[in-house]
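The values are calculated or read from the model by the stated rules, or taken from the named source; none is laboratory data. As the structure is a computational prediction, the values presented were derived from the model and not from experiment. Heads up, the Cβs are rebuilt from the backbone with ideal geometry, glycines too, and the neighbour counts pull from every protein chain shown. Please note that ligands, DNA and RNA were not included when accessible areas were found on the heavy atoms of the full protein model with its side chains. Shrake-Rupley method; radii C 1.70, N 1.55, O 1.52, S 1.80 Å.
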Number of protein chains: 6
Amino acid sequence: MNIFIINPNSDPEMTQVIRQKAQNFASGDFEVECQRVTEAPSFIETYEDEIKSAPGMIKRLRENESYFHAFIVACHCDPNLDLLKEISTKPVLGIGEASMKIATLLGHRFSILSTTPHSIPNKEALVRKYHLQDSLASIRVPGKEKRQNQSRDSYLHAARKAMKEDGAEVIVLGCAGMTDLDKFLEKNTGVPVLDGVVCGLMIAAGLAKYNTSISKIRRYRGKSGF
Amino acid sequence: MNIFIINPNSDPEMTQVIRQKAQNFASGDFEVECQRVTEAPSFIETYEDEIKSAPGMIKRLRENESYFHAFIVACHCDPNLDLLKEISTKPVLGIGEASMKIATLLGHRFSILSTTPHSIPNKEALVRKYHLQDSLASIRVPGKEKRQNQSRDSYLHAARKAMKEDGAEVIVLGCAGMTDLDKFLEKNTGVPVLDGVVCGLMIAAGLAKYNTSISKIRRYRGKSGF
Amino acid sequence: MNIFIINPNSDPEMTQVIRQKAQNFASGDFEVECQRVTEAPSFIETYEDEIKSAPGMIKRLRENESYFHAFIVACHCDPNLDLLKEISTKPVLGIGEASMKIATLLGHRFSILSTTPHSIPNKEALVRKYHLQDSLASIRVPGKEKRQNQSRDSYLHAARKAMKEDGAEVIVLGCAGMTDLDKFLEKNTGVPVLDGVVCGLMIAAGLAKYNTSISKIRRYRGKSGF
Amino acid sequence: MNIFIINPNSDPEMTQVIRQKAQNFASGDFEVECQRVTEAPSFIETYEDEIKSAPGMIKRLRENESYFHAFIVACHCDPNLDLLKEISTKPVLGIGEASMKIATLLGHRFSILSTTPHSIPNKEALVRKYHLQDSLASIRVPGKEKRQNQSRDSYLHAARKAMKEDGAEVIVLGCAGMTDLDKFLEKNTGVPVLDGVVCGLMIAAGLAKYNTSISKIRRYRGKSGF
Amino acid sequence: MNIFIINPNSDPEMTQVIRQKAQNFASGDFEVECQRVTEAPSFIETYEDEIKSAPGMIKRLRENESYFHAFIVACHCDPNLDLLKEISTKPVLGIGEASMKIATLLGHRFSILSTTPHSIPNKEALVRKYHLQDSLASIRVPGKEKRQNQSRDSYLHAARKAMKEDGAEVIVLGCAGMTDLDKFLEKNTGVPVLDGVVCGLMIAAGLAKYNTSISKIRRYRGKSGF
Amino acid sequence: MNIFIINPNSDPEMTQVIRQKAQNFASGDFEVECQRVTEAPSFIETYEDEIKSAPGMIKRLRENESYFHAFIVACHCDPNLDLLKEISTKPVLGIGEASMKIATLLGHRFSILSTTPHSIPNKEALVRKYHLQDSLASIRVPGKEKRQNQSRDSYLHAARKAMKEDGAEVIVLGCAGMTDLDKFLEKNTGVPVLDGVVCGLMIAAGLAKYNTSISKIRRYRGKSGF
């Protein structure tokens, strides 16, 4: 089985981190490839960034659809996800939806660690889109507490505040670029910490193995008919 | 005051219908211009259609932002609306949000008349995005009752069913292309029938006159700040 | 076009402030009249105050219904609004519903500035009645922070707290008596600040121009029919 | 213990039916008095009817507050209930809220039998006000099925349809005038059928005995404080 | 009339406190019996505790069903309540559901006083099960403020914080073991304070007198039918 | 990796069907064992059935916890799931929660096929517990349409009605005993059909591989601490 990860931004370093994480998780059980969208901005932060990434995302999906069995969009704001689900005949998962829905299986409420205050309302809208608003404890941005560089410790500090003040029982990493923080935070907080890339991979691999995919009769039907 | 209407599709006829309707409503109180997105598909039906229209929508907004006081996106699925709100310093209204929110001021529940069964789940997602799901009586597509050409009478038939079977008290036209049906349906049903272009215009003109606009501090802040 | 504003309380000063604000906004585009309910209390604060104002509100609506094209209830708790919608054949708007629904078009969440802690649960009930609870950031009463006279600065202070601590992106003035604060607060906070009288006027004028009104088939049907 | 029932309408017959039902339920355990509002319409159907009844309701509550231990508003649309809760220091219950909240203790979903199609949206708004919309199976009006006189059999027919087609497990009588239908319907449907007057009485008597009442600190505080 | 209270835990002291409280409230108007589940843990805190109590709860209900007219489960987490409703032909009330639903009749929002932080998410899940999440101000555990022994004063302190910081207008005692705190807290806070045992009794007695019970057609039907 | 499936009922045939399905899906990638609860009823239908199965479920989990890496409860009503999550240090998944949450990743709304009308309200309560009520198209029981034996064709008929009349885009099998229907229905309907056992396995295997588990800090903490 072969799984393709689309990194919607153009940052080669983040792409390599995601690829490494994914291959470690796959550990040879399935093949996994990760490509960035070279035409996209180096970081997806605004709605305009999302649109700029769309043509490249579509292109990569279409070029790879025949060989790969499932696709993952590796940006936690799930940019252009409805679109990719619509045009693909293979399963397409967003790391945002995958991580947050798995979080609800592991505890009463989850908190998201995010990178900028600007992202909070956008993530709130996403959480609500997925009907998860009542399972959300909080969205925490380290910089809101301390104006320091976003170090591992600042995320640990934010995670602990989410647990203590907001009632979080599970932590969700709110950016594909945080993919290496999961076990560090898990060890230091004692609660499950979910990386979206891994969460996306487990469901994508499962669906591919199960040989099922996106429903094409209405919402994600595309142009071709009824 | 000058208001600019972006028709996200490339259909010149529909553009002319919208322009005419808008100028009739403006009736000289303000200037209104309507342009289509020539690079877009002739009808916006899928998520892919929406993305294809995005670059042209951005271009038209940016080219006209200094002269016009407010912008309207004249497609009832409000394509790329968050994006335009993000990049503009002027008010931007979608005809979907404008018509549905005004509908809640006029009656207990509203029904939307739509063009294809395919659009129903997409509109449901939009209705929920605007927190309006509990004010929605139904989404009715004439073709579901009779496989005939979508005539005025088929829309009237659907509106009457919405009133009688679904409890609709207000009818919302679910496509900019239906813009000429409002008074025909209103006369024949006895309930308010709302065209999104007119609804968008009244709020856009009001906001421009009030000299206020989109909040730029978080969700629609764009790249430049915080 | 002629619009009639009913101030549900009997305070002549507040009535004059509202009238002035309305005429400034109308700026000759339409005629606007504002009258107080002389039989009502000088301030509408309790449910009993609302009832005391009802007969006078009904009387003013009925006396003026033939000449005026739309009506506005200029008290932010929208007293007796369902009743006026029921008995009128012309559009009737509350400044509460108008301002809060327009607020959702301009940002992710809004906060309401209010006059007394007592009003908070009543406003919460109103917000929920309009299905807006998930768009509400907070209701802020200056006096809760500082026991001083409710000065312009105390409202500015409350607005800033709402933006910083509650995530407000839009500010709604929670009393018709605050009608002069909008531009002062907007200038000093940088976010849109909405006065309900203006918001009511723009929709009322729009609906009157569009020649549509309240649906009379069920909820607001009154005695005469079905 | 003494309980006072206010019938918000002026119909002497309905008042006598309610009084009788209440005294039968009390069966000497407590004293119960029922008075109509002579100044009110003979049937409360519209928002205007509710307002017309308000002054008489206030008067009866105030005249009897010192002697009686609890008050019940015996109209299923709970007219002016927030107001009476606000001005009273004794418990005040509406038969709508009492019957619907008890219904949720006895089964998964309840249906309301109502008198006119006009009342359906108004009752829906009330159900939602009490946060009960997800426990509502349906609101059924016999006349919608058969245009006959609203006989006992037509209500039985409506109750059976609610059980079979809407999933109702409990039936709530949607008008104080139906107060004699409960045991007839219960015998013939096999499910609990709740009369609001009885439901109001059991909670009012319980609260009076418990010597507790409406909270007066915020929403129902009235003029005097904070 | 005879009412049976099942204390799901095995603590004889708490059982005696509950029995005493119940008999005081009954004050001879009806007979009330309270028994503990001797096979159960001495305190119900976890989901496992609830299951351990189930067989004894079932046994006590079945042994006493012919003589008693209604049953109350006297643990505020309402353990095994759906089960008892399913197997009984008599009314069965939980003190959690009874107290929280009555709380909504007395004020805008209620807060629950609880014994351990561990219980907060479990109670949140219960509150949501009853559709009461939007009426909940907060769940307060005294130990969260001060690590002292849970004295009467620590509960009073927590109640006051709930009123002041969370907007609570009614206090609900979140454990049958707090049954003696109601009037102490009521006197010192000025707001209604509800003990679940009393709330359960008033509705149970009312339903028994009304001669109605749990609906047996679907959710609580048990094995025997349809 | 080793995964243990608990079939909460005592039916050896259904256990064998589940085991076979699970081993087929695992196809040697991981070890999977399935055991029934011999002390339980042969079919879990009522709340009492669920309780009767609890001790045996606990016993099997505890006996196998050291060797196995994850556990699945293979009954679609997820009996005693909160309890098993509480007492286990390994991941525990219900086939109800797993299948319904995966369904939301594949289409706009899902329908559940179920075995008896009695199960509908119980499943509705479960769906709501998981915050999925707005993603549910319907729960369909074949016997409601035709009183025939529940054949494969009757389920196909129900699935088609769900798609056509209720807007279902994904079908969820509402009983572990239907585990062999997935590909038959998928072939004949053209939409994804999800068996809970397979859905549970893919997430359980993924979580075990990821080496993360249930959060133990609050809701599922058990007796041992804070």
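Listing for the model above:
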quantity	calculated
Of all accessible heavy-atom area on the protein assembly as shown, the percent that carbon and sulfur account for (1.4 Å)	48 percent
Placed amide H near B:ILE112: partners under 5 Å, 5+ positions off or other chain	B:SER138, B:ILE139, B:ARG140, B:VAL172
Environment charge of F:ALA74, counting only residues whose C-beta is closer than 14 Å and scoring Lys/Arg +1, Asp/Glu -1	-4
Sequence-separation-based contact order of chain D, relative, with Cα cut under 8 Å and 6+ spacing, percent	23 percent
Whole-number D in µm²/s for chain F (Stokes-Einstein; Kirkwood sum over Cα pairs; 25 °C, 0.890 mPa s)	139 µm²/s
Efficiency of FRET from Cβ geometry, F:MET1 and A:TYR67, R₀ 25 Å, rounded to 0.05	0.35
Kyte-Doolittle at least 0.0, axis length at least 18 Å by Cα - qualifying DSSP helices, chain A	A:196-210
Spatially proximal lysines relative to E:LYS183 (Cα-Cα < 20 Å; intrachain offsets below 8 disregarded)	D:LYS90, D:LYS209, D:LYS216, E:LYS21, E:LYS101, E:LYS161, E:LYS164
Accessible area per residue, Å², the protein assembly as shown with all protein chains present, probe 1.4 Å	33 Å²
Residues with amide H under 5 Å from that of A:VAL32, placed H, sequence gap 5 or more	A:ILE3
Qualifying GluC sites (Glu not before Pro) in the range F:1-103, DSSP loop, other Cβ atoms within 10 Å at most 14	F:GLU39
The range F:97-196 - share of DSSP beta bridges that are antiparallel (%, nearest 5)	0 percent
B versus C: buried accessible surface, summed, Å² (probe 1.4 Å, to nearest 100)	3900 Å²
Rounded Å value of the spacing that divides the Cα centres of the range B:152-167 and the range D:31-93	40 Å
Sequence of A:ASP153, F:ASP78, F:ASP11 from largest to smallest accessible area, 1.4 Å probe	A:ASP153, F:ASP11, F:ASP78
Mean separation of Cα contacts under 8 Å, 6 or more apart, over the residue count of the range E:97-196: relative contact order %	34 percent
Rotational relation E to B, axis-closest Cβ in chain E, residue and distance rounded to whole Å	E:ASP134, 7
Peptide F:44-56, shielding by other chains (average Cβ, 10 Å cutoff)	5
Other protein chain Cβ atoms within 10 Å, averaged over every residue that makes up B:105-114	5
Average beta-carbon neighbours from other chains, 10 Å sphere, peptide C:134-141	1
Whole-Å semi-axes of the range C:97-196's equivalent ellipsoid (Cα gyration tensor)	18, 15, 12
For A:ARG36, net neighbour charge (Lys/Arg +1, Asp/Glu -1) across residues whose Cβ lies under 11 Å away	-1
Nearby aspartates and glutamates by direct alpha-carbon distance to D:LYS129 (threshold 13 angstrom, same-chain neighbours under 8 apart not counted)	B:ASP134, C:GLU124, D:ASP78, D:ASP82, D:GLU97, E:ASP134
Cα radius of gyration and Dmax for the protein assembly as shown (Å)	30.6, 84
Sorted peptide list for A:201-209, B:66-74, criterion being average Cβ within 10 angstrom, highest first	A:201-209, B:66-74
Estimated [θ] at 222 nm from DSSP helical runs (n ≥ 4, -39500 (n - 2.57)) normalised by residues in chain E, nearest 500	-14500 deg cm²/dmol
Three-way shape label, the range E:2-96, alpha-carbon gyration tensor, a/c 1.5	oblate
Tensor-based shape of the range F:44-106 (alpha-carbon gyration tensor, a/c under 1.5 rounded, otherwise prolate or oblate)	oblate
D:SER27-E:ALA125 FRET efficiency (beta carbon distance; Förster radius 56 Å; 0.05 resolution)	0.90
Among beta bridges that DSSP assigns inside the protein assembly as shown, antiparallel share in %, nearest 5	0 percent
